[in-house]
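Below is one structure, written out as structure tokens; the observations come after it.
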Ligand code: SF4
């Protein structure tokens, strides 16, 4: 197959995958929502979960997005230096969004800042966003794709704390955000926390924390303990599904961290909502692919 054909096929595969996971939640999210529903005793919360499951059934049956806000598309690419189409990837990503906008369909969510017009195609200046990680000596592309909705992006906050604030300061920061802005994203939430030196490094890590599958823990024992403590603390707020009260407020809390300057604690929070539409697809060097986030995906 010639290069142009390979580019076209990969573009179409990614577009179809975006359209698919806009309707079908990832396996880990579906499983967690079931668990939360079973653990729930509050009748309104139970009914809310039932409505969410019905929403999911109808999205598939009627071939419509799971939520009207299909977000801004974000790519997180871990790309091997030997992946054959490495030079074409920015165009492939952009064109896949253009195609998905029509075939999914996706709501038009790209408004040019300052010029204040909607591009009408979900592509604009620096949109879709692409985060690159180069993997030496690999010939694969491991791609997380995320629909960043308005509501689930609204609680996002970041701050650089004085070092004396310590981990208590980090905990207070996260809980303050959840008690003030958590309702803007439709709970139960996936809460991503980034801890690093400066604001931008913490912010990127907090979003990457949302790409981690549920059930995984931070490899550092203390960080993993903090994930559990924060989950318990946020659940105790009692937001419940859609903020209508209930036993649990979150699907999980994920922390991603980096070594930091001794004089700072940069911390940031990002949230994913119950309709956490992300997908992971791995392209191999022969352009076959493996979808890890949706085991039964047909695209
Ligand atoms: S927070 Fe999530 S479920 Fe709620 S409107 Fe936004 S994208 Fe949809």
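For the pair residue 81 and residue 60 in one chain, pulling the backbone fully straight at 0.36 nm per residue adds 3.8 nm over the alpha carbon distance.
Cα-Cα pairs above 33 Å in the chain: how many percent? Each step should come with its number before you reach the end.
Details: 10872 of 44551 pairs.
Roughly 24 percent, rounded to a whole number.
Site pair residue 228 and residue 198 shows an inter-label distance of 3.6 nm when each label is modelled 7 Å from Cα along Cα→Cβ.
In the range 63-186 the Cα-Cα distances spread across 10 Å bins starting at 0 as 11, 30, 29, 23, 7, 0 percent of all pairs. Just checking the listed ones, 193, 160, 269: in the Gaussian network model of the chain with Cα springs under 10 Å, the one fluctuating most is 160. Over the range 153-272, what is the relative contact order in percent, taking alpha-carbon pairs closer than 8 angstrom and at least six residues apart? For the range 153-272, the relative contact order is 45 percent. Annotation for the range 225-248 versus the range 128-205: alpha-carbon center distance of 18 Å. With R₀ fixed at 35 Å, the C-beta to C-beta distance from residue 119 to residue 263 puts the FRET efficiency at about 0.25.
Please check: in the Gaussian network model of the chain (C-alpha springs, under 10 Å), which one of 32, 16, 102 has the largest mean-square fluctuation. In the Gaussian network model the winner is 102. Entry note, the chain: relative contact order of 25 percent, from Cα contacts under 8 Å with a spacing of 6+ residues.
Relative contact order for the range 179-236: what percent, with Cα pairs under 8 Å and sequence separation of 6 or more?
It comes to 20 percent, rounded to a whole number.
The angle separating the long axis of helix 43-62 from the principal Cα axis of greatest extent in the chain is about 0 degrees. Once the Cα atoms are used to define both axes, helix 199-208 deviates from the longest principal axis of the chain by about 70 degrees. Going from the fewest other Cβ atoms within 10 Å to the most, the residues 66, 153 appear in the order 153, 66. Extension gain for residue 132 to residue 102 (0.36 nm times residue separation, less C-alpha to C-alpha distance): 8.2 nm. Normalised by 2.2 N^0.38 Å, where N counts its residues, the alpha-carbon radius of gyration of the range 67-120 equals 1.37. Compared with the dominant Cα axis of the chain, that is its longest principal axis, helix 89-103 is turned about 80°.
Here the Gaussian network model covers the chain, with springs between Cα atoms less than 10 Å apart; of 146, 167, 20, 167 fluctuates the most.
Read the figures in this text as sums done on the coordinates, not as results from a lab. Note that the structure is a prediction, hence the values are computed from the model and not measured. Quick reminder, even Gly has a Cβ in these numbers, built from the backbone with ideal geometry, and neighbours come from all protein chains shown.
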